[in-house]
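Structure first, commentary second.
Each value in this text was obtained by applying a stated rule to the coordinates, not by laboratory testing. The model shown is predicted, which means the values in this text are computed figures rather than measured ones. Positions of Cβ are backbone-derived with ideal geometry, glycine not excepted, and every protein chain shown enters the neighbour counts.
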Amino acid sequence: MKTLFISIVFGLSICTLYGYPITPRPLRKLISESEYCIAGKVVDIKHITKTRYYSRSFWRKPQSYQQDDYYAQIVVTETLQGTIISKDTIYVSFEPNVICPSPAMYFKDTDVLVFLDAILQDTCYTPHALSYGSKIISSNEELQVYKDRIREMQQILTIRDTTLQHLETLEWLIRCAENRYTRWEGVYELSPESDFISQYDDDLSGKYILESAHTSYKERLYKSLIKIDTLCYADFGLMNLVLDYNPEKIKNFLKIHIDKINNHSQLWYAPDLMYRYAVLTKDDQIAFCAEELKDLLFGIHPDPKIARQIWNTFYYQVKTTLNPDNSYIFPLKN
């Protein structure tokens with residue numbers, strides 16, 4: 001009994017020391033959950049060290065310790081949701097030294113889109129959903145895309161007819177997925193299983209999954225996919241949504257990107273490319289090699305040298321296969 005008790009206490013201690021990722025928050029959830037949303041510019045980072053006290057028991061003298069508090073000073077350029085008390089400048093608390101769950105991060109002289117919650121003081125806020133609710137904006141174009149999607153969803157949330165709201169939300173998710181800036185926001189809800197982080201999601205209802213009847217939606221997503229020049233992680237979720245739409249052309253698209261990644265020293269997306277190529281060609285051996293490659297790259301005992309050998313074997317097999325229309329052939333590598 002004593003051993004069991006110690007084991008339970010130890011397990012709970014480990015859980016508190018090493019956090020887990022929070023439930024993912026794509027844009028739709030951020031809009032519906034957060035109290036405020038602002039666009040602004042980080043003009044300064046405030047770092048304050050405070051002395052705090054704790055006591056292990058009520059009969060012992062409290063012990064002091066130092067705690068670092070960080071605040072991002074943000075000049076608000078536009079309020080997109082809620083009413084900000086201080087319309088010019090706000091302070092947002094954050095914890096940059098936390099590793100997991102991933103914290104909100106702010107850097108001086110960066111433009112941001114921030115979803116906020118309860119007020120700590122008159123002008124101090126706390127970020128909603130940590131890193132999900134704090135987005136660094138790289139251009140006016142990106143900001144405008146986010147502003148459009150936010151305003152659209154705010155209108156959708158006012159629709160009382162649940163069937164109509166569902167249809168409008170599905171269309172909205174497609175618009176998110178079509179655009180490179182908001183791709184993850186849409187793809188995650190349309191194809192959550194495509195993202196490893198979904199294993200930490202406690203709300204996988206699947207109510208926005210595309211059905212086979214949604215041909216027009218798949219055509220739009222397919223057109224967005226084939227325009228991609230450099231793949232990022234969210235693009236593989238987009239690919240999963242349209243693998244059955246035009247398999248031969250998507251296979252050709254994969255070959256082009258397989259050739260591109262072969263020139264890189266790192267094979268970060270190689271297993272993802274291999275696996276989708278295996279699905280399209282219905283090749284179980286390639287699927288098995290994709291899993292093995294993933295383990296060699298990201299597993300407990302990585303071996304980059306053997307991983308490269310597996311990739312080279314796969315690459316040689318693919319580059320010697322002509323496309324159905326002979327429109328693209330991989331250049332031979334020395």
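Figures for the structure shown
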quantity	calculated
Label point distance in nm, Gln285-Thr320, each placed 7 Å from Cα along Cα→Cβ	1.1 nm
Theoretical FRET efficiency, 1/(1+(r/R0)^6), r = Cβ-Cβ of Asp117 and Glu141, R0 30 Å, to 0.05	0.60
Ranked packing of 148-159, 231-242, most packed first, by mean Cβ within 10 Å	231-242, 148-159
Those lysines that a straight Cα-Cα span of less than 26 Å connects to Lys41, excepting residues fewer than 8 apart in one chain	Lys29, Lys87, Lys108, Lys135, Lys147
Relative contact order of region 159-241, defined on C-alpha pairs under 8 angstrom at six or more residues apart (%)	32 percent
Calculated FRET efficiency for the pair Arg220/Asp161, C-beta based, R₀ 30 Å, to 0.05	0.80
Region 271-281 - phi-based ³J(HN,Hα) in whole Hz, Karplus 6.51/-1.76/1.60, Gly and Pro as x	x, 5, 5, 4, 5, 5, 5, 5, 5, 5, 8
Spatially close lysines, pair count over region 198-261: Cα under 18 Å, gap of eight or more or interchain	13
Added length on full extension, which subtracts the Cα-Cα distance from 0.36 nm per residue, His47 to Glu211	54.0 nm
Simple spin-label estimate for Ser102 and Asp88 in nanometres, 7 Å along Cα-Cβ	3.5 nm
Neighbourhood charge, 14 Å Cβ-Cβ cut-off, centred on Asn97 and excluding it, Lys, Arg +1 and Asp, Glu -1	-3
